[in-house]
1. Return the single residue from A:Ser55, A:Ser92, A:Ser83 with maximal mean-square fluctuation; model: Gaussian network over chain A, springs between Cα atoms under 10 Å.
2. Just from its helices, what would the mean residue ellipticity at 222 nm be for chain B, if runs of 4 or more DSSP H residues each count -39500 (n - 2.57) and the sum is divided by every residue, rounded to the nearest 500 deg cm²/dmol?
3. Could you give me the percent of Cα pairs per 5 Å distance bin for region A:11-178, shortest bin first, beginning at zero and ending with the bin that holds the maximum distance?
4. Among A:Pro141, A:Pro153, A:Pro169, which one moves the most in a GNM of chain A with springs linking Cα atoms closer than 10 Å?
5. Normalised radius of gyration for the protein assembly as shown, please: alpha carbon Rg relative to 2.2 N^0.38 Å, two decimal places.
6. Between A:Arg113 and A:Val89, what length comes free when the chain is fully extended (0.36 nm per residue of separation minus the Cα-Cα distance, one decimal in nm)?
7. Check A:Thr136: other-chain or 5+ apart residues with amide H under 5 Å from its amide H, H built from backbone geometry?
8. From the phi angles alone, apply the Karplus equation (6.51, -1.76, 1.60; θ = phi - 60°) to region A:20-31 and give each ³J(HN,Hα) in whole Hz, x where the residue is Gly or Pro.
2 protein chains.
Amino acid sequence: MTGTSPTRNLTTSAFLAMSLDGFIARPDGGLDWLLEAGADLEDTGYDDFFVAVDSMLIGRNTYDIVAAFDEYPYAGKRVLVLSSSLETVEWSDATVHRSLNSALETLAAEGRRHVYVDGGTVVQQFLRAGMLDNLTVSIAPVLIGFGIPLFGPLDSDVKLELTGTRELPAGFTQATYRARPPG
Amino acid sequence: MTGTSPTRNLTTSAFLAMSLDGFIARPDGGLDWLLEAGADLEDTGYDDFFVAVDSMLIGRNTYDIVAAFDEYPYAGKRVLVLSSSLETVEWSDATVHRSLNSALETLAAEGRRHVYVDGGTVVQQFLRAGMLDNLTVSIAPVLIGFGIPLFGPLDSDVKLELTGTRELPAGFTQATYRARPPG
């Protein structure tokens, strides 16, 4: 992506939790370890973060997880779902996109300013492309041994700029990075 | 291990660095990414930590790495090397042990109080056995995509107690945990 990228006016942010050994979920997607470790978590900064975004870009796995929620968590946000197989989604103000470029062009055409990128696979795509502005990782104080990794294979190293570190309640460590290369 | 463990008077500590994606080295053992990321690191707390230990317990991989150093880094420390194949080591005040139990019995018999456990495999053994008191992890602000993981498979979750989080120079985040279960 260059300076003429459709994302040049779009801030892209991810906000994720992982175990200290780097997993966002157990192999079957289970989050019991995170819910247990985070039972006493109070303000993680998520609420402020969520208010600040005007749109969400998620992958199919995240879509399936969220579709099973009792309460729809993205109310009031424009939602773009990346999927090669979904035809439509029933959420309000949501569309399906076959490619990242299609989603980015749509966000640009609609004048979106700040997109919340969620789901391990989609976050990895943004990291690989050097298109992620802000990455917040909250590290749970637990090792689970196996699972779905937050990060994945890379063609080359991705250097990050730490913008803050803080201790959250319940023994979580939160680190915030700027991930998009300068220029 | 129970209250009658030979380690009951022995404090066990690990002090490691990893990439944000959880690797202690590239697949070939390479540390270039860490040396580059940490070029501007000043005090990481390592010097104070090293002064506080009276002994070291390392694995064969760590032995090989250290044996290639120009300057011997463990001067003044009792060193125990875990290896199934090494016959002897030429370092002063160093012995080879075939099993973790043999090493722990030796440390107990010698009245050691604080052992620095180093090397991914050995640290993992201590974590799995619930025998690691202190774990300090310095997280480099870089993703390398592939490598030797700091942590590994587990039979069950290992819950950790965060004892501190701080930001180091050069964009590192350092988290310190108590890893041995209470009681």
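Read-outs throughout are calculated quantities, based only on the coordinates presented, and are distinct from any laboratory measurement. As the structure is a computational prediction, the values presented were derived from the model and not from experiment. Note that we place each Cβ from the backbone using ideal geometry, even for glycine, and neighbour counts take in every protein chain shown.
1. Looking only at A:Ser55, A:Ser92, A:Ser83, the largest GNM fluctuation is found for A:Ser92.
2. The per-residue figure over chain B is -6000 deg cm²/dmol.
3. 1, 8, 17, 21, 22, 18, 9, 4, 0
4. Per the Cα network of chain A with a 10 Å cutoff, A:Pro153 tops the list.
5. In units of the globular-protein estimate, the protein assembly as shown measures up at 1.10.
6. Result: 6.4 nm gained on full extension.
7. A:Ala14, A:Phe15, A:Leu16, A:Tyr177
8. Along region A:20-31, the couplings run 4, 8, x, 9, 9, 6, 5, x, 8, x, x, 10 Hz.
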